[in-house]
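Asker: Would you mind keeping the following structure in view while I ask a few things?
The values are calculated or read from the model by the stated rules, or taken from the named source; none is laboratory data. These numbers were taken from a predicted model, which means no experiment stands behind them. When we count neighbours, we look across all protein chains shown, and the Cβ atoms used for this are built from the backbone with ideal geometry, even at glycine. What goes into the accessible areas is simple: the full protein's heavy atoms, side chains included, and nothing from ligands, DNA or RNA. Shrake-Rupley method; radii C 1.70, N 1.55, O 1.52, S 1.80 Å.
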Amino acid sequence: MPVKKEKEPLIMHPRPSSIVAALYTLRDLDTDVVILHGPPGCSFKHARLLEEDGMRVVTTSLDETGFVFGGKDALVEVLQKVIERFKPKRIGIVGTCASMIIGEELHEAVIEVQPDVPVIEVEVHAGYRDNTQGVIIALESALACGIISETEFERQKALLKEATMVEKRHGAASKEYLEPNRGDLKYKVAGRLLELIKQGKKGINILNAKKETAFMFADINLAVAEIAQKLGFGSNIINMVNLDINVGLPKNRRNAREIKDDLSQKGFEFHHIIGGLDEYPIAGNTASQIIGEKYSDYDFAVIAGVPHALPMDNIKNMELFSITNGPRQVVPLKEMGHTYVVVEIDLHPKTLGVSHIVESEFGATLREMAKDA
Amino acid sequence: MPKQIAIYGKGGIGKSSTASNVAAACTDEGYRVTIIGCDPKSDSSITLLQGRRIPTIMDLMREDVDIKEEDIVFIGYKGVKCVEIGGPEPGIGCAGRGIIVAISMLKKLSSAIEDTDLVIYDVPGDIVCGGFVAPVKKGLVNETYVLTSGEYMPLYAANNICKGLARLDVALNGVICNSRDAQNEEIIVSEFAKEIGSQLLAFIPKDVLVQTCERDGFSVIEKAPDSEIAGVYRKLARSIMEKRVGKIPEPLDDKRLRELTRI
């Protein structure tokens, strides 16, 4: 008798696309050009944004005729043109809902064209509840091409499984419908935080961010550390960051190094490294453990990035200042017990194609208000 | 490496009857056999399971259960392993996509297509979309057969299927004639087979016994093992199990096809 899984609850608000997740994974693997095999409009916004991060994204532009008669010729043509025009060292081909439903074999076109460089073929569509499937399918292809090791693949799979659980527990997959929310007013929250610092209260300054979003979230941790230092209470702040430069796919390590360098230059102290930029689903556990061991009597915590990945156990008695970039994350965070939740709107596009820390709204607010402190 | 065969042919021409009787005959000869029904009608394995309809892969997927091999592989006549892919009811959804998805899952989940001597993929009538050649494209089939009668329409369909196979660079291993008592049928189909670069593997005479047994949910091999028609299926089974060389078919043009049926 087949074992019935617990029926997955309905989620009405749209969820991140697995096709897009595959695109970003290919970016993390330093792919030069990706061909989207499907309709011209598929993944348009992110296809455009990824150009800012140095990865070209083109499409085979399948239309009704393509759906009905198949798209192999179109893919062959685009693959040939891509090789001619961009002379890429690594190519990706990503499926879409349309091409996958009609059974397009991405491999057939590669066999016909015979490129001299590795081609990562990702047979993915957006019909998965969890976009982490898109990452896994892309990584399976990368593994097959020999671009990542079996060890790294297993590590990524474990992280992705945990990331999915984090979203189900307290994230955007935790409710049937989540209304976007602007969060608390930044100047009010900044005011309270400054008050606590001036009173000599002790605080944990946590960066637990997802990959390149750390370029902006780190600005907040930097602002907190700098201001505390300026006001004479630098020793009351403990910094915990997920900037381990020795783990993750090539781009993640690079970015971790870039952010660490920027922070170091401003005198930021790295009291605890809680993990890498792709370890945000589990780095929170490390932070929580350290807090339980050493800092359980602290008064407040600033958590920038993915605050809902931190277990509440050792922080529930602190005043929590959480910064997220997801308007749908506000309600779940408040329900978890986060005192203040602030949203950095539209953060992701601002952290593409950058190699230095980018100013955040909350950071800017803190710095401005600290001038009068 | 098991023999992995797919039987193609016009809808209603007798693929499922042939497939299930060949499966039963091979089992009688001592081979380990797995039959995979790829038609949403899910009727490939009924006569091997005494009329029982088994749960399909797509039905289980729809219920969102954790699917294990024992949930989709069922043991039939003398140990034949039976799997039905299933799919949507007529007029809705996409059966072709169902085949693609189910074949993928089968590859991951089941040893029934590896630990065996013969795998038979019983595919839907006409290859109407990309999904229907999923078993071939996903590397699960190493021999193909086309079933036809001597009438023009089934031959036209068989020829059309050969166009598909040729486009995919897939070899055809034989043509089987399922008789409809048409005039000069055996000669016509034999000639057709030769001209497309293959050969007539067997001529199955029309026998009402096949239908009578089917109605009760049995193959003739099981219900009427000593009948003449059972003998024909046994002979076909032996032919198929021999080492067989395939060749990419050369489809005929319509004019030649019409000429053939006027022999």
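Asker: If you take the residues in region B:89-104 that are away from chain A (no Cβ under 13 Å) and of a type outside the set (D, E, K, R), which one is farthest from B:E69 (Cα to Cα)?
Answerer: Let us first name the residues in region B:89-104 that are away from chain A (no Cβ under 13 Å), namely B:89-92.
If we keep only those that are of a type outside the set (D, E, K, R) as well, we get B:90-92.
Values: B:P90: 27, B:G91: 30, B:I92: 28 Å.
Restricting to residues being away from chain A (no Cβ under 13 Å) and of a type outside the set (D, E, K, R), the top hit is B:G91.
Asker: While we're looking at this one, here's another question. Taking the options B:D126, B:D122, name whichever one is surrounded by fewer than 16 Cβ atoms within 10 Å (Cβ to Cβ) and either closer than 28 Å to B:Y156 by Cβ or at pLDDT below 90 (or both).
Answerer: Values: B:D122 fails: surrounded by fewer than 16 Cβ atoms within 10 Å (Cβ to Cβ).
It is B:D126.
Asker: Hey, another quick one. Considering (1) within 23 Å of B:A157 (Cβ to Cβ); (2) open to solvent by 90 Å² or more (accessible area, probe 1.4 Å); (3) part of a helix (DSSP H, G or I); (4) not hydrophobic (A, V, I, L, M, F, W, C), say which one B:K235 fails and leave the rest.
Answerer: (1)
Asker: So, one more: Go through region A:83-99 and give me each residue that's within 14 Å of chain B (Cβ to nearest Cβ), under 20 Å from A:T25 (Cβ atoms) and open to solvent by 10 Å² or more (accessible area, probe 1.4 Å).
Answerer: Taking region A:83-99 and keeping what is within 14 Å of chain B (Cβ to nearest Cβ), we get A:95-99.
Remaining after also requiring under 20 Å from A:T25 (Cβ atoms): A:95-97, A:99.
Selection gives A:C97 alone.
Asker: May I ask you to list the residues in region B:159-187 that are among the hydrophobic types (A, V, I, L, M, F, W, C) and either in a helix (DSSP H, G or I) or open to solvent by 10 Å² or more (accessible area, probe 1.4 Å) (or both)? Walk me through how you get there before you give the answer.
Answerer: Of the residues in region B:159-187, the ones among the hydrophobic types (A, V, I, L, M, F, W, C) are B:161-162, B:165-166, B:168, B:170-172, B:175-177, B:182, B:187.
The answer is B:I161, B:C162, B:L165, B:A166, B:L168, B:V170, B:A171, B:A182, B:I187.
Asker: Quick one: count up the residues across region A:100-114 that are free of Cβ contacts under 8 Å to residues at least 24 places away in the same chain, more than 7 Å from chain B (Cβ to nearest Cβ) and under 33 Å from the mean Cα position of the chain (by Cα).
Answerer: The first filter runs over region A:100-114 and keeps only residues free of Cβ contacts under 8 Å to residues at least 24 places away in the same chain, leaving A:103, A:107, A:111, A:114.
When the remaining residues are screened for being more than 7 Å from chain B (Cβ to nearest Cβ), the result is A:107, A:111, A:114.
Remaining after also requiring under 33 Å from the mean Cα position of the chain (by Cα): A:107.
So the answer is 1.
Asker: Here is a follow-up. Can you tell me which residues in region B:11-41 are surrounded by 21 or more Cβ atoms within 10 Å (Cβ to Cβ), part of a loop (DSSP other than H, G, I, E, B) and either hydrophobic (A, V, I, L, M, F, W, C) or over 11 Å from the mean Cα position of the chain (by Cα) (or both)? First the steps, then the outcome.
Answerer: Filtering region B:11-41 down to residues surrounded by 21 or more Cβ atoms within 10 Å (Cβ to Cβ) leaves B:13-27, B:33-40.
Filter once more, keeping what is part of a loop (DSSP other than H, G, I, E, B): B:13-14, B:38-40.
Passing the criteria: B:I13, B:C38, B:P40.
Asker: Looking at (1) farther than 20 Å from B:K3 by Cβ; (2) away from every other protein chain (no Cβ under 12 Å); (3) of a type in the set (A, V, I, L, M, F, W, C); (4) within 19 Å of the chain's Cα centre (by Cα), which one does B:I57 not meet, given that it meets all the others?
Answerer: Of (1) farther than 20 Å from B:K3 by Cβ; (2) away from every other protein chain (no Cβ under 12 Å); (3) of a type in the set (A, V, I, L, M, F, W, C); (4) within 19 Å of the chain's Cα centre (by Cα), only one is false for B:I57: (2).
Asker: Restricting attention to region B:60-73, report how many residues are in a helix (DSSP H, G or I) and either within 7 Å of chain A (Cβ to nearest Cβ) or open to solvent by 80 Å² or more (accessible area, probe 1.4 Å) (or both).
Answerer: In the first step, residues of region B:60-73 are kept if they are in a helix (DSSP H, G or I); the result is B:60-62, B:69-72.
Narrowing the set further to residues that are either within 7 Å of chain A (Cβ to nearest Cβ) or open to solvent by 80 Å² or more (accessible area, probe 1.4 Å) (or both) leaves B:60, B:62, B:70-71.
The qualifying residues number 4.
Asker: For residues in region B:134-152 being β-branched (V, I, T) and open to solvent by 10 Å² or more (accessible area, probe 1.4 Å), which is nearest to the other protein chains (Cβ to nearest Cβ)?
Answerer: Here is the first cut: in region B:134-152, the residues β-branched (V, I, T) are B:136, B:141, B:144, B:146, B:148.
Applying the additional criterion that residues be open to solvent by 10 Å² or more (accessible area, probe 1.4 Å) yields B:136, B:141.
Numbers: B:V136: 11, B:V141: 14 Å.
My answer is B:V136.
Asker: Okay, next question. Looking at B:I113, is it away from chain A (no Cβ under 14 Å), buried (at least 17 other Cβ atoms within 10 Å of the Cβ) and either on the phi > 0 side of the Ramachandran plot or in contact with a Lys or Arg (Cβ under 8 Å, 6 or more places away or on another chain) (or both)? Step through it out loud before you land on a result.
Answerer: Details: away from chain A (no Cβ under 14 Å): yes; buried (at least 17 other Cβ atoms within 10 Å of the Cβ): yes; either on the phi > 0 side of the Ramachandran plot or in contact with a Lys or Arg (Cβ under 8 Å, 6 or more places away or on another chain) (or both): yes.
For B:I113, the condition - away from chain A (no Cβ under 14 Å), buried (at least 17 other Cβ atoms within 10 Å of the Cβ) and either on the phi > 0 side of the Ramachandran plot or in contact with a Lys or Arg (Cβ under 8 Å, 6 or more places away or on another chain) (or both) - is met.
Asker: If you don't mind, another one. Considering only region A:30-39, I want to know if a residue exists there that is within 14 Å of another protein chain (Cβ to nearest Cβ) and of a type in the set (V, I, T).
Answerer: no
Asker: I would also like to ask the following. Of all residues in region A:1-31 being among the acidic types (D, E) and more than 20 Å from the chain's Cα centre (by Cα), which is nearest to A:N325 (Cα to Cα)? Write out each step before concluding.
Answerer: Here is the first cut: in region A:1-31, the residues among the acidic types (D, E) are A:6, A:8, A:28, A:30.
With the extra rule that they be more than 20 Å from the chain's Cα centre (by Cα), the set shrinks to A:6, A:8.
On the way: A:E6: 30, A:E8: 26 Å.
My answer is A:E8.
Asker: Which count do you get for residues in region B:77-86 that are under 17 Å from the mean Cα position of the chain (by Cα) and open to solvent by less than 30 Å² (accessible area, probe 1.4 Å)? Step through it out loud before you land on a result.
Answerer: To start, the set of residues in region B:77-86 that are under 17 Å from the mean Cα position of the chain (by Cα) comprises B:80-86.
With the extra rule that they be open to solvent by less than 30 Å² (accessible area, probe 1.4 Å), the set shrinks to B:80, B:82-86.
Final tally of qualifying residues: 6.
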